[in-house]
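Data block below; observations after.
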Amino acid sequence: MLTASAAEQLPRNVLRLNWTHSFLVVSLHLCGLLSLWFWPRRIDLALFLGLYLSTTFAIGIGYHRLLTHRGFRCHTWMRRVLAWTGAAALQGGPARWAAIHRRHHQMTDKPGDPHTPLMGFLHAHVGWVMCRDAEDGSDYRELVPDVPGQDFWIRVLDQGVLFTLPWLLTGVLCYAVAGWRGVLWGTVVRTLCLWHLTWCINSVCHVWGRRPNATRDESRNVWWLGLLTLGEGWHNNHHARPASAVHGWRWYEVDASGYAIRLMARLGLVWKVVREPRL
Ligand SMILES: [Zn+2]
Ligand SMILES: [Zn+2]
């Protein structure tokens, strides 16, 4: 763990709220409470599962391993599909997401890390989303000149609130297929689940878990997050070699996103895959 003196150097202005983000986080959780009264039907569960899997893969494979860490190359159409599907997870546009995440890798568990648990577990989990310091990643934009690139269809997702468009479209889809209960489970509850699991990578994976690699930070491998986030829970491996497209390095480290990338490489859909180290 970092010393108390290092923690004291961290910014003190975490209580300056980002009202837009705070409103979104609080109101979506309040809407999610309706799920206690309106249990899912089969169609609602199908929408939940289909959209959970597609957006989780798109965040892990697209936003994280492709756009942020350039772990592999692919065709332009696939970058666009991954970016738009990733935006349907309501975690911001790809450039903003990548900027904040690259900053996290640059300053992991040091002053300047947007979401280190050294500023409190709750801050690392959700507080950083609701406070102003990391509100738009604009301070870190110079870290991601390559992310939107010249591609209009990816750049548009970082303009104002346009990143919400793919998410709103999933709401329309759910409503068309299964009405308001479909929206509740396929859009609201699905988004809340992925929010918390993604946030767990920043909070839980820097506090509890195994550290098979001697990295100079507090990153950990957490098996149940590895399963639920389709491979992102092998976070200590990831900090040890960030560009590696595969995060599960041992046979028991289940990494569904890594398997998907390997399969796509075999099919010729992706190439220049950055390999994991030989153990
Ligand atoms: Zn981390
Ligand atoms: Zn990363």
If unit charges are put on Cβ atoms (+1 for Lys and Arg, -1 for Asp and Glu) and the dipole of the range 87-244 is taken about its Cα centre, the option from THR215, PRO111, VAL161 lying farthest towards the positive end turns out to be THR215
Amide H partners (placed H, <5 Å) of SER219, local residues excluded: none
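Per the 1.4 Å probe, what fraction of the accessible area of the chain, in percent, lies on carbon and sulfur atoms? Don't skip to the end; give the middle numbers.
Numbers: 9010 of 13660 Å².
Solvent-exposed carbon and sulfur of the chain make up 66 percent of the total.
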Please calculate the 1.4 Å probe accessible area of ARG132, with all protein chains present, and give it to the nearest 10 Å². 100
Accessible surface, the range 193-279, averaged per residue in Å² (probe 1.4 Å): 49
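What's the magnitude of the charge dipole for the chain around its Cα centre, counting Lys and Arg as +1 and Asp and Glu as -1 at the beta-carbon? Answer in Debye, nearest 20.
That gives a dipole near 740 debye.
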Give me the accessible area of PHE121, 1.4 Å probe, in Å² rounded to the nearest 10. 80
Placed amide H near VAL270: partners under 5 Å, 5+ positions off or other chain: ALA265
Which whole-number value in Å² is the accessible area per residue of the range 44-171, probe 1.4 Å? 39
How much of VAL273 can a 1.4 Å solvent probe reach, expressed as accessible area in Å² and rounded to 10? 40
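Sort TRP167, TRP180 by heavy-atom solvent-accessible area, probe 1.4 angstrom, most to least.
Ranked list, largest accessible area first: TRP180, TRP167.
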Quick one: among GLY268, GLY171, GLY186, which has the greatest mean-square fluctuation in a GNM of the chain with alpha-carbon springs under 10 angstrom? GLY268
Counting each DSSP H run of 4 or more residues in the chain as -39500 (n - 2.57), what helix-only mean residue ellipticity at 222 nm follows after dividing by all residues, to the nearest 500 deg cm²/dmol? -13000 deg cm²/dmol
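The values are calculated or read from the model by the stated rules, or taken from the named source; none is laboratory data. All values reported here derive from a predicted model rather than from experimental measurement. Quick reminder, even Gly has a Cβ in these numbers, built from the backbone with ideal geometry, and neighbours come from all protein chains shown. All accessible areas refer to the heavy atoms of the entire protein, side chains included, with ligands and DNA or RNA removed. Shrake-Rupley method; radii C 1.70, N 1.55, O 1.52, S 1.80 Å.
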